[in-house]
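Everything below concerns the one structure shown next.
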Amino acid sequence: GQVQTCPKCGGPMRHLTESKARAWLLVFCGLFLILVMGGITLVTAPIMLQPGAEYGDSSWEGTREQGQIALALFGVVILFGFASLGNGLYMLKTGKQHRGFIVATLVLVALLAVVIFGFSQAFSGTD
């Protein structure tokens, strides 16, 4: 098929069916990240915030600060899920992608880099 050029930006025009497929993929990925990482966070948070305490057969051997940084990393992943979900729902409703979601995703990437740096610093002295 022939690819049309957008009169505003000069980029390739996307068909509505492509946008709907991407939108559903974003909704699915967003829900997956929210539910799976949210569940992992709910289960591991009590363990990670009380180092050395026994929870069944599990205990957290790191420090409380390390647990907080690990949970912050989980939180950023959950935020990615919400951004993906919001972007997908917006695309389903309008058939377009909003620049605000692109900017929000870039901000989350920067936040993720900061948290990963903190994570690596907090865990650099452990065995």
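The values are calculated or read from the model by the stated rules, or taken from the named source; none is laboratory data. Computed from a prediction, not measured in an experiment: that's the story for all the values here. Quick reminder, even Gly has a Cβ in these numbers, built from the backbone with ideal geometry, and neighbours come from all protein chains shown. All accessible areas refer to the heavy atoms of the entire protein, side chains included, with ligands and DNA or RNA removed. Shrake-Rupley method; radii C 1.70, N 1.55, O 1.52, S 1.80 Å.
Taking PRO51 as the residue in question, decide whether it is more than 20 Å from the chain's Cα centre (by Cα), surrounded by 12 or more Cβ atoms within 10 Å (Cβ to Cβ) and in a helix (DSSP H, G or I).
Details: more than 20 Å from the chain's Cα centre (by Cα): yes; surrounded by 12 or more Cβ atoms within 10 Å (Cβ to Cβ): yes; in a helix (DSSP H, G or I): no.
In short, no.
Let me confirm something: among PHE74, PHE119, which residue is aromatic (Phe, Trp, Tyr), part of a helix (DSSP H, G or I) and in contact with a Ser or Thr (Cβ under 9 Å, 6 or more places away or on another chain)? Give the steps one after another, and end with the answer.
On the way: PHE119 fails: in contact with a Ser or Thr (Cβ under 9 Å, 6 or more places away or on another chain).
Among PHE74, PHE119, only PHE74 is aromatic (Phe, Trp, Tyr), part of a helix (DSSP H, G or I) and in contact with a Ser or Thr (Cβ under 9 Å, 6 or more places away or on another chain).
May I ask you to list the residues in the stretch 32-48 that are surrounded by 15 or more Cβ atoms within 10 Å (Cβ to Cβ) and modelled with pLDDT of 95 or more? Walk me through it before giving the result.
Let us first name the residues in the stretch 32-48 that are surrounded by 15 or more Cβ atoms within 10 Å (Cβ to Cβ), namely 33-34, 37-38, 41, 44-45, 47-48.
Matches in the stretch 32-48: LEU33, ILE34, MET37, GLY38, THR41.
What's the total number of residues in the stretch 1-30 that are hydrophobic (A, V, I, L, M, F, W, C), open to solvent by 80 Å² or more (accessible area, probe 1.4 Å) and at pLDDT 80 or above?
4
Return yes or no: is GLY81 small (Gly, Ala, Ser) and more than 18 Å from PHE32 (Cα to Cα)? Walk me through it before giving the result.
Values: small (Gly, Ala, Ser): yes; more than 18 Å from PHE32 (Cα to Cα): no.
When the stated conditions are applied, GLY81 does not pass them.
Given the residues SER124, SER120, SER59, which is the only one that is modelled with pLDDT under 90, open to solvent by 70 Å² or more (accessible area, probe 1.4 Å) and among the small types (Gly, Ala, Ser)? Please lay out each step first, then the result.
Details: SER120 fails: open to solvent by 70 Å² or more (accessible area, probe 1.4 Å); SER59 fails: open to solvent by 70 Å² or more (accessible area, probe 1.4 Å).
Being modelled with pLDDT under 90, open to solvent by 70 Å² or more (accessible area, probe 1.4 Å) and among the small types (Gly, Ala, Ser) holds for just one of SER124, SER120, SER59, which is SER124.
Say whether the condition of being touching a strand residue (DSSP E or B) at 6+ places or on another chain (Cβ under 6 Å) and within 20 Å of PHE119 (Cβ to Cβ) is met by at least one residue in the stretch 78-88.
So in the stretch 78-88, the residues touching a strand residue (DSSP E or B) at 6+ places or on another chain (Cβ under 6 Å) come out as none.
No, that holds for no residue.
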